[in-house]
1. Pairs under 7 Å by beta carbon, first residue of a type in the set (Lys, Arg) in segment 12-41, partner outside any strand (DSSP E or B), six or more apart or different chains?
2. Could you tell me which of the residues Asp225, Asp186, Asp210, Asp196 is surrounded by fewer than 21 Cβ atoms within 10 Å (Cβ to Cβ) and either among the β-branched types (Val, Ile, Thr) or within 16 Å of the ligand (Cβ to nearest atom) (or both)?
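The values are calculated or read from the model by the stated rules, or taken from the named source; none is laboratory data. Remember, it's a predicted structure, so these values are computed and weren't measured experimentally. Neighbour counts are summed over all protein chains in view; Cβ atoms, including those assigned to glycine, are modelled from backbone coordinates with ideal geometry.
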Amino acid sequence: MITHPTAAPADAGATRAVLSARGLAKRFGSFLAVNNVDIDVHHGRIHALIGPNGAGKSTVFNLLTKFLKPTAGRIVLDGTDITAMDPACVARMGMVRSFQISATFGDMTLLDNVRVALQRPNSLYHQFWRSLTSLDRLNRQAMELLDRVGLADMAHLRANNLSYGRKRALEIATTLALEPRVLLLDEPLAGMGQEDVEHMASLIKSVSRDCALLMVEHNLKVVGDISDEITVLQRGEILARGDYATVSADPRVREAYMGSEDDGH
Ligand SMILES: Nc1ncnc2c1ncn2[C@@H]1O[C@H](COP(=O)(O)OP(=O)(O)OP(=O)(O)O)[C@@H](O)[C@H]1O
C-alpha cells in the first residue's frame, strides 16, 4: 500500500505523538528548502527521516531542534507549542539532540564523562549533586549507564583511548543521562565499520523503548531493520511515509534513490 504523502499514518492516533510538526517550511532567501512537512514522533518508536542528498533532512532536523527558525509551520512538544522557543528551552523540556558535536571530554575517564552529564542542570539527577551522600548514587547511576551501552568494563579508561564506535556509544550514555523524552540523532552510524554499526543499531533500538526517537540516517539497511516509521523527503517535501515495507515498495521512492550513492543495501 502506498500512503499519500500528506495523509497521517494509519496508526498515528493509537498513541499521542510526543513531538509533532505541521506544515513546516524553511526558506533560505528565495530557495524553499523545506515545504509543508508534517511529522509525528511517538514514545517507544523510532522514526527515520531519509531521502537523497539535499532532500532537506538536516534542515528539518534543525527546525525540530530549534537551531533554525521555521518560515512557516508549528512544532508541538508534549502538548506545548515550542515553535518560538530557543534550543536551550526545548532541551530543558526533554528534547535532546545528539551527534552534531562530540559530547565527550577526551582527557576524562568514561565514568567522569557520564558523571558530568548526570550533573547537568537539565538532568533529573542534578538535584543529588550537592550532597556528599549522593556521590554513591551518582557513581552507581553512571556505571549503570555505561553498562547499558556496553562500556562498564572500560569505565576508568580515558575517552581518548576509545575507538570511534565506542566513543559514539559513550555519547549515547551521556545523552541518556539527560533522560530524554525525545531523542534526535543526526546520522548516528556515519563513519562506522560494520561491527560498530550493528552494535549502535541495537543500542538505538534499546534506547528507543524509553523515549520518542527521530533519526536522520543514510544507512537504509539499518533504517529498514530498526525503524517503526519512515518519512522520505525529496526536494524539501514529503515523498512517502509508512513502515519500511511500504516506503521501499513505493516506485517514487525507488526513483528518488536511483543513481544515488546513499542506498546502504
Ligand atoms: N543555510 C542555508 N542556506 C542556503 N541553502 C541551504 C542552507 N542549508 C541548506 N540549504 C539547502 O537546502 C537544501 C536541503 O539541504 P539539507 O542539508 O537539509 O539536505 P539533506 O537532506 O540533509 O542533505 P544531505 O543528505 O546531503 O546532508 C539543499 O539544497 C541545501 O543546499
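1. Close Cβ pairs satisfying both conditions: Lys26/Thr59; Lys26/Leu63; Lys26/Leu68; Lys26/Pro70; Lys26/Thr71; Arg27/Thr71.
2. Selected residue: Asp186, the only one of Asp225, Asp186, Asp210, Asp196 that is surrounded by fewer than 21 Cβ atoms within 10 Å (Cβ to Cβ) and either among the β-branched types (Val, Ile, Thr) or within 16 Å of the ligand (Cβ to nearest atom) (or both).
Every residue, every condition in (1) without any contact (Cβ under 8 Å) to a residue 40 or more places away in the chain; (2) more than 30 Å from Thr80 (Cα to Cα); (3) not assigned by TED's automatic domain parsing to the domain that holds Gly56, yes or no:
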site	(1), (2), (3)
Ala142	yes, yes, yes
Leu170	no, yes, yes
Glu198	yes, yes, no
Met215	no, no, no
Gly242	no, no, no
